[in-house]
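Take a look at the structure below.
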Amino acid sequence: MAKEKIILTGDRPTGRLHIGHYVGSLRRRVELQNSGLYDKTFIFIADAQALTDNMDNPEKVRQNVIEVALDYLACGLDPTKSTIFIQSQIPELCELSFYYMDLVTVSRLQRNPTVKTEIQMRNFETSIPVGFFTYPISQAADITAFKATTVPVGEDQEPMIEQAREIVRRFNHIYGETLVEPEILLPDNAACLRLPGTDGKAKMSKSLGNCIYLSDSADEVTKKIKSMYTDPNHIRVEDPGQIEGNTVFTYLDAFCRPEHFERYWNDYANLAELKAHYQRGGLGDMKVKKFLTAIMQEELEPIRTRRKEFEQDIPAIYDMLKKGCEVAREQAAQTLDEVRRAMKINYFDDAELIAEQARKFKAE
Ligand code: TRP
């Protein structure tokens, strides 16, 4: 049988999901799920990973599990097509991590660019929790437990996937071909790789208050776009404007399609024409923001509406997650069996081992 094509990805439940998550990965996942090109899709809520740097705030993680699940369903992830589950409910992942720890050196973890910046950012230098330090290893367990071939994530996750690939290669080299090396799937549109915050800062983050959430009301979205960062030197309408580093245009790059011009602004045929006019001068920010608002509302409205519907039956969502966990566990347990066999720690189901040793000791 040809190797199965399996998608796996997840999110930390530390807040509601925003449009950075959406263009960076969520939108793509739904397309992949519906494409029929993959044999299985696993999407999970990485609560155990969220606890590695929120260990003192379990209530936050607990409350955000359902928020993320609602965002998933609202975007169109469909539990009849994808297995949606919660990381902490799959104990097999811990066991895999435990074995993978033998395959990774401390200095390799220290060189992981994501871990490195996180350590600096949080002043963790002397007080980094071991669980946080080693989360790239547990992430490799998340990926390999499901034999994922394809991991759709944002650019920031690249070092994690690379680390997982190394672990797979090392494992297979030492213990024999067992694990599947995953490939990262990045957004193909540069604007989607890392959508800036509404204030123009490089990263959308809750603490900076510069996010547009999938669950924001229409009014909130309009308000946030109205106050969005543009070109600070574009003061009068006649002035030439800059589109590089201009958040409104970055968002248009991520969201705008030619048909939007037909629907909302037929003065232009496409984004290139609009950009050219802005750069020439004579086009005010407010007009462009209005256009962006129309596009974003069109994209977000159905998500908002579906979310409201799902919010009406929370117990059903926990039920769906529980079923997802059961399916996921079965898959992870199967991989763990293979890992144990490869690592020669499957004593009780290896009749040959017992027979051979019995002979050996008799002969002595
Ligand atoms: N680290 C990811 C994030 O912060 C979440 C995550 C955990 C993940 N395990 C994963 C993503 C495995 C992809 C595959 O968003």
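For Ile243, only one of the following conditions fails: (1) away from the ligand (no atom under 16 Å from the Cβ); (2) in contact (Cβ under 8 Å) with a residue 40 or more places away in the chain; (3) among the β-branched types (Val, Ile, Thr). What is its number?
(2)
Among the residues of segment 203-227, which ones are assigned to a loop (DSSP other than H, G, I, E, B), out of contact with any Leu (no Cβ under 9 Å at 6 or more places or on another chain) and open to solvent by less than 70 Å² (accessible area, probe 1.4 Å)?
The answer is Ser205, Gly209, Asn210, Cys211, Ser217.
Among Ala50, Ala74, Ala69, which is within 25 Å of Leu336 (Cβ to Cβ), open to solvent by less than 10 Å² (accessible area, probe 1.4 Å) and in contact (Cβ under 8 Å) with a residue 12 or more places away in the chain?
Ala50
Between a first residue in segment 303-327 that is open to solvent by 80 Å² or more (accessible area, probe 1.4 Å) and a second residue that is assigned to a helix (DSSP H, G or I), which pairs have beta carbons less than 6 Å apart while being 6 or more apart in sequence or on different chains?
These pairs meet every condition: Arg306/Ala74.
Here are Tyr347, Tyr278: which of them is surrounded by 17 or more Cβ atoms within 10 Å (Cβ to Cβ) and free of Cβ contacts under 8 Å to residues at least 60 places away in the same chain?
On the way: Tyr347 fails: surrounded by 17 or more Cβ atoms within 10 Å (Cβ to Cβ).
From the options Tyr347, Tyr278, the qualifying one is Tyr278.
So Glu118 fits all but one of (1) at pLDDT below 95; (2) assigned to a helix (DSSP H, G or I); (3) exposed (fewer than 15 other Cβ atoms within 10 Å of the Cβ); what number is the exception?
Among (1) at pLDDT below 95; (2) assigned to a helix (DSSP H, G or I); (3) exposed (fewer than 15 other Cβ atoms within 10 Å of the Cβ), the lone unmet condition for Glu118 is (3).
Determine which member of the set Asp231, Asp216, Asp188 is under 26 Å from Gly284 (Cβ atoms), more than 14 Å from the ligand (Cβ to nearest atom) and at pLDDT below 95. Spell out how you get there, then give the answer.
Details: Asp216 fails: at pLDDT below 95; Asp188 fails: under 26 Å from Gly284 (Cβ atoms).
From the options Asp231, Asp216, Asp188, the qualifying one is Asp231.
Report the residue count in segment 77-106 for those that are within 30 Å of Ser215 (Cα to Cα) and without any contact (Cβ under 8 Å) to a residue 40 or more places away in the chain. Steps first, please.
Within segment 77-106, the first condition is being within 30 Å of Ser215 (Cα to Cα), and the residues that meet it are 77-90.
If we keep only those that are without any contact (Cβ under 8 Å) to a residue 40 or more places away in the chain as well, we get 80.
Adding up the residues that qualify gives 1.
Filter segment 127-176 down to the residues that are within 11 Å of the ligand (Cβ to nearest atom), among the small types (Gly, Ala, Ser) and within 14 Å of Ser97 (Cα to Cα) and list them by number.
Ser138, Ala140, Ala141, Ala145, Ala164, listed by residue number.
Can you tell me which residue is surrounded by the most Cβ atoms within 10 Å (Cβ to Cβ) among those in segment 171-186 that are without any contact (Cβ under 8 Å) to a residue 24 or more places away in the chain and in a helix (DSSP H, G or I)?
Looking at the filtered set, the residue picked out is Asn172.
For segment 257-364, list the helices (runs of 4 or more DSSP H) that sit wholly inside it and hold at least 2 residues that are of a type in the set (Asp, Glu); which are they?
Details: elements: 258-264, 271-280, 285-311, 314-342, 351-363.
The helices (runs of 4 or more DSSP H) meeting that bar are 258-264, 285-311, 314-342, 351-363.
Which of the residues that make up segment 140-159 are crowded, with 23+ Cβ neighbours inside 10 Å and part of a helix (DSSP H, G or I)?
Those that are crowded, with 23+ Cβ neighbours inside 10 Å and part of a helix (DSSP H, G or I): Ala140, Ala141, Asp142, Ile143, Thr144, Ala145.
Give, as residue ranges, the helices (runs of 4 or more DSSP H) completely inside segment 1-115 that count at least 1 residues that are more than 14 Å from the ligand (Cβ to nearest atom) and of a type in the set (Phe, Trp, Tyr). It would help to see each step written out before you state the result.
Numbers: elements: 27-35, 47-51, 58-75, 92-100, 106-111.
Once the helices (runs of 4 or more DSSP H) in segment 1-115 are filtered for at least 1 residues that are more than 14 Å from the ligand (Cβ to nearest atom) and of a type in the set (Phe, Trp, Tyr), what remains is 92-100.
Looking at Ile19, Ile90, Ile66, Ile86, can you tell me which residue is touching a strand residue (DSSP E or B) at 6+ places or on another chain (Cβ under 6 Å) and of a type in the set (A, V, I, L, M)? Steps first, answer last, please.
Numbers: Ile19 fails: touching a strand residue (DSSP E or B) at 6+ places or on another chain (Cβ under 6 Å); Ile90 fails: touching a strand residue (DSSP E or B) at 6+ places or on another chain (Cβ under 6 Å); Ile66 fails: touching a strand residue (DSSP E or B) at 6+ places or on another chain (Cβ under 6 Å).
Answer to the check: Ile86.
The values are calculated or read from the model by the stated rules, or taken from the named source; none is laboratory data. Just so it is clear, the structure is predicted and the values come from calculations on it, not from any experiment. As a convention, Cβ positions derive from the backbone with ideal geometry for all residues, glycine included, and neighbour counts pool all protein chains shown. These area figures cover heavy atoms from the full protein model, side chains too; ligands, DNA and RNA do not enter into them. Shrake-Rupley method; radii C 1.70, N 1.55, O 1.52, S 1.80 Å.
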